[in-house]
Each structure stands twice: as C-alpha cells, then as structure tokens.
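Data first, discussion second: the structure below is written as structure tokens.
Each reported figure results from applying straightforward, stated rules to the coordinates on display, with no laboratory input. These numbers come from a predicted model, not from an experiment. Cβ sites come from the backbone with ideal geometry, for glycine too, and all protein chains shown count toward neighbours.
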C-alpha cells in the first residue's frame with residue numbers, strides 16, 4: 001500500500017511538472033485578443049516603452065513579486081528590484097525553480113541596432129521583457145535586467161514557496177560575454193553609448 005501511494009504521488013508530480021513546463025504558444029490574433037495594443041507591441045513585437053514613463057520604474061514595494069503579463073509566470077522578487085537610474089524597472093536577479101528546470105527568464109544574443117546585447121524573455125511564453133546587462137551598464141550590480149513595465153505585472157502577495165532567486169549572468173558563457181558591448185567597452189566609451197532615448201545606468 002505504501003509503495004502504491006508513493007507511485008501515485010510520483011505520477012501526480014510528473015503530471016504537474018509536465019503541465020507547468022508546457023510552452024504557451026498562441027497566434028498573433030490570440031495574443032491581440034488578450035493584450036492591449038501597447039502591451040502586444042512590447043511583449044510580442046519586441047518593442048520598448050519610452051524611458052521614464054513605465055508604471056513600475058519608480059515602484060519599490062516591500063513585499064510581493066512580478067509576473068509575466070502574458071502568461072503570469074513569476075519572474076522577479078520584490079527584493080530584486082533596485083534603483084538604477086536607467087529609465088526602466090531594474091532587477092538584479094530573477095526567479096528559478098525545479099518545476100521550470102532552472103531560470104524563469106531566458107536570454108538570447110541580440111545584434112539589432114548595430115549592438116550586441118542580451119535580450120531577455122519569459123521562459124514559458126517567450127514574451128519580450130527587455131535586455132540584461134552584465135558589464136559596464138550593470139553599474140555596481142552583477143547584472144541589470146532592464147525590463148519594460150508593460151511586460152510584467154506586480155502581485156501583492158506572499159512570494160511562491162516553490163521559487164528562489166538566481167543571478168542569471170552565471171549562465172552566460174565567457175565566449176558570449178566577450179561579444180557584448182557593455183563588457184567590451186567602458187560606460188563612457190562612445191561605442192557603448194545608449195540607444196536614442198535610453199539613459200545610461202547610474203553608478204552608486
């Protein structure tokens with residue numbers, strides 16, 4: 001009986017894990033039906049909101065967490081939020097969990113606009129969050145997740161007990177790091193200047 005119960009619990013855990021790990025894939029029409037036009041432009045078309053205008057740029061709660069606005073996957077703890085002066089919400093770590101086989105945020109090399117940066121996305125729905133900096137533009141932090149306010153939603157509740165925090169830069173290989181503009185060049189180097197409308201990060 002004890003063996004049968006353990007096997008049943010194992011099966012339930014496998015079912016739960018499989019369900020959680022399933023990628024959320026929708027058509028543009030489905031996303032447009034669920035998101036506002038502004039949110040769709042950022043989450044699905046990789047847009048960027050104007051610096052200094054986001055709902056969460058100056059939002060520093062004492063509890064809670066931030067989820068992906070597209071699929072509600074928990075992404076960032078309130079403890080990871082900090083003032084960077086960059087014009088967008090900044091976080092210095094993200095969530096990880098066993099259910100999601102590690103980090104809830106993924107990164108990809110982005111070479112648009114003549115720069116080499118790290119784009120960050122939600123692991124579950126591939127929603128565009130922003131960019132992660134691990135060199136000069138991360139200031140005094142090991143990493144800066146520069147996130148659009150429209151990509152996330154704040155939840156004023158106790159943080160999930162199945163997540164913990166991770167410094168995502170640990171997963172960026174040395175070869176990729178060596179290609180990044182904010183690693184190759186200093187913050188004052190013209191080759192590392194901000195894009196139009198983007199403020200440079202303040203060092204504290």
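The residue 63 and residue 99 beta-carbon pair, evaluated with R₀ = 30 Å, returns a calculated FRET efficiency of approximately 0.85. Using label points projected 7 Å from each Cα along Cα→Cβ, tell me how many nm separate residue 83 and residue 174, to one decimal. Distance between label points: 3.8 nm. Counted residue by residue at 0.36 nm each, then reduced by the alpha carbon distance between them, the extension gain from residue 28 to residue 109 reaches 26.8 nm.
Full extension of the chain between residue 156 and residue 140 yields a length gain of 3.0 nm, computed as 0.36 nm times the residue separation minus the alpha carbon distance.
Under 1.5 on a/c is rounded, so check that first for region 27-126, then, if it is not, pick prolate when a/b is larger than b/c and oblate when it is not; a ≥ b ≥ c are the square roots of the alpha carbon gyration tensor eigenvalues. Rounded, because the longest to shortest axis ratio a/c is under 1.5. By the count of other C-beta atoms within 10 Å, a proxy for reagent exposure, 40, 107, 60, 133 are ordered fewest to most as 60, 40, 107, 133. Relative contact order, whole percent, for region 71-197 stands at 25, derived from Cα pairs under 8 Å and 6 or more residues apart.
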